[in-house]
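First comes the structure, then the notes that go with it.
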Amino acid sequence: MFVLVEMVDTVRIPPWQFERKLNDSIAEELNKKLANKVVYNVGLCICLFDITKLEDAYVFPGDGASHTKVHFRYVVFHPFLDEILIGKIKGCSPEGVHVSLGFFDDILIPPESLQQPAKFDDTEQVWVWEYETEEGAHDLYMDTGEEIRFRVVDESFVDTSPTGPSSAEATSSSEELPKKEAPYTLVASGEVGARREGGLCAPICQLGTLVWLLVFPKASGLGSISEPGLGLLSWWTSS
């Protein structure tokens, strides 16, 4: 889930920080610049791990600050392919099941990736898997707060840097504003469901496809819970 990424950047330290230790000032500036940001084709930056090398610092004419080229390692959230992650259901909507990792909430399991047949309960605002047993059909509800396990199977990054309006858009006042994308979105697919009614809750062996998107850059990925042991943790009990 988390990886160390080697990076290089030139860090500007203002004069009023010269009394501090250089490493402390650089660490603070790097975290201001990168923490909670998405780096294209890298992932979601979490925090500075260490500084491996400091090159010579320079002061340029007209600027009293120092400029130092820094080699460092940064902790990045970037699930690798086939990694299994665990999150909690944050809520449900007609678009699918929304899942949170605690520090990251933009995870979606679309309807086509749920256990089938599935339906959306408009009254309770939850997705339901109509699970068939020998005793008949049972509704397995995907309740808020339930833990879910899924596997990452694919990813793709899309650059979502802002662009200026075209001349046609600038002259038209009736154009709708583009929908704002989340900085980093995981789209997961799979079957989820916890029995709300009495009776047995059979283990679910499939969960579908996970997609994750990063914004600054945006990324998308595919995940799966279509194997034994994946899905809601409540579906599986240890003997």
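Quick notes on this structure:
- Average accessible area per residue (Å²) across region 1-155 - probe 1.4 Å, nucleic acids and ligands excluded: 55 Å²
- Sequence-ordered 3J(HN,Hα) estimates for region 75-91 from the Karplus curve with 6.51, -1.76 and 1.60 and θ = phi - 60° stand at 7, 10, 7, 7, x, 8, 4, 6, 6, 9, 10, 10, x, 10, 5, 8, x Hz, glycine and proline given as x.
- Placing unit charges on each Cβ (+1 for Lys and Arg, -1 for Asp and Glu) gives region 72-147 a dipole about its Cα centre, and among Leu85, Met142, Tyr74 the Cα reaching farthest toward its positive end belongs to Tyr74.
- Contour excess over end-to-end distance, with Cα ends at Trp16 and Glu135 and 0.36 nm allotted per residue: 35.4 nm
- Here the gap between Val8 and Thr123, fully extended at 0.36 nm per residue and compared with their Cα-Cα distance, gives a gain of 36.1 nm.
- About the Cα centre, charge dipole magnitude for region 1-116 (Lys/Arg +1, Asp/Glu -1 at Cβ), debye: 220 debye
- Accessible area in the full protein assembly, largest first, 1.4 Å probe, for Leu233, Leu85: Leu233, Leu85
- Whole-percent carbon and sulfur share, accessible surface of region 1-46, 1.4 Å: 54 percent
- GluC sites (Glu not before Pro) restricted to region 1-103 and DSSP loop, no more than 13 other C-beta within 10 Å: Glu19, Glu83, Glu95
- If R0 is 45 Å, the Cβ-Cβ spacing of Glu147 and Asn23 corresponds to a FRET efficiency of close to 0.70.
- Cα→Cβ-extended label distance, 7 Å offset, between Glu55 and Lys32, nm: 2.2 nm
The values are calculated or read from the model by the stated rules, or taken from the named source; none is laboratory data. Remember, predicted model here, so these are calculated numbers, not experimental data. Cβ coordinates were reconstructed from backbone atoms using ideal geometry, including for glycine residues, and neighbour counts include every protein chain displayed. With ligands, DNA and RNA removed, areas are computed over all heavy atoms of the protein, side chains included. Shrake-Rupley method; radii C 1.70, N 1.55, O 1.52, S 1.80 Å.
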